[in-house]
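Just below is one structure, and these are the notes that go with it.
Throughout, read-outs are computed from the coordinates displayed, never taken from laboratory work. Here the structure is a predicted model, which means the values were calculated and not measured. Note that each Cβ is placed from the backbone with ideal geometry, even for glycine, and that neighbours are counted across all protein chains shown.
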Amino acid sequence: MATTLQPPPTINSAARGLRYVKPHESSAPSTGIWVGLAAITMTFAAFTSAMVVRQGSGNDWRHFSFPVILYFNTATLVASSVTLQIGRGRFAAVLEGIDYAASALRALYGTLVLGCVFVLGQYAAWLQLRSEGLYLASAPSSSFFYIFTVLHALHVIGGLLGLIYVTSKLHRGILRASTLSAASQYWHFMALLWIYLLLLLVVRI
């Protein structure tokens with residue numbers, strides 16, 4: 001007997017004229033993200049241990065004034081996590097047939113804007129330190145400050161690229177909840193990691 005293949009379920013979005021497809025879910029994106037987050041965690045843990053050891057191994061550790069803009073950057077990154085979670089919830093509603101597609105996209109665009117503001121704010125903090133004569137090789141403390149903040153910013157930029165990819169897929173009407181979930185997990189982890197780094201730098205630097 002011939003088997004008839006059924007198309008995947010679709011959800012209409014009258015407001016945007018898109019058909020959101022809910023394909024068969026895969027655990028691959030989530031698994032890959034958790035492996036990546038484990039590697040990132042080990043990397044920052046290694047640098048944390050190195051900083052603690054270096055600070056206690058000599059008397060050349062130089063404390064310096066903390067750039068105040070980092071607190072604004074922290075609030076911006078936390079806000080971006082909130083908007084991303086709102087967008088994720090809106091898309092979950094879209095899968096249930098509720099027409100929240102436009103507001104979900106706005107939330108994701110807001111996340112992208114806030115993420116870019118965070119990176120620009122970090123760059124402003126680096127410029128402030130440079131204006132005060134603090135460079136990567138100026139002192140052990142400034143070296144670790146640049147290492148932590150630049151490495152984290154690079155990972156945030158990677159997260160932004162991932163969100164751009166996800167948003168473009170969703171904008172074209174292809175909704176894969178597992179991919180959005182993986183991108184959200186990565187982004188929320190970046191926010192938590194930054195809060196940890198901020199506290200670490202405040203205490204140690």
Next item on the list: Mind pulling the angle between the C-alpha long axis of helix 177-204 and the longest principal axis of the chain? Nearest 10 degrees, somewhere in 0 to 90.
Entry: 10
Notebook entry, point to check: Helix 28-56: angle to the longest alpha-carbon principal axis of the chain, degrees 0 to 90, nearest 10?
Noted result: 10
Note to self: For a Förster distance of 22 Å, can you work out the FRET efficiency between the beta-carbons of Arg54 and Gln128, rounded to the nearest 0.05?
What the structure shows: 0.40
Margin query: Taking 0.36 nm per residue of sequence separation and subtracting the Cα-Cα distance, how much length would be gained by fully extending the chain between Val35 and Glu96, in nm to one decimal?
Written below: 18.9 nm
Notebook entry, point to check: For the chain, what is one quarter of the convex hull surface built on the Cα atoms, given in nm²?
Noted result: 13.7
Margin query: Need one number: nm distance between label points at Val68 and Leu161, each 7 Å from Cα along Cα→Cβ, rounded to one decimal.
Written below: 3.6
Next item on the list: Quote the FRET efficiency, to the nearest 0.05, computed for His171 versus Val150 with a Förster distance R0 of 41 Å and r equal to the Cβ-Cβ distance.
Entry: 0.85
Next item on the list: Would you look at the GNM of the chain, springs on alpha carbons closer than 10 Å, and say which of Gly121, Gly89, Gly162 moves the most?
Entry: Gly89
Notebook entry, point to check: So what is the 222 nm mean residue ellipticity for the chain from helices alone, if each DSSP H run of at least 4 adds -39500 (n - 2.57) and you divide by all residues, rounding to the nearest 500 deg cm²/dmol?
Noted result: -26000 deg cm²/dmol
Next item on the list: Could you tell me how many degrees, from 0 to 90 and to the nearest 10, lie between the Cα long axis of helix 140-171 and the main elongation axis, the longest principal axis, of the Cα atoms of the chain?
Entry: 10
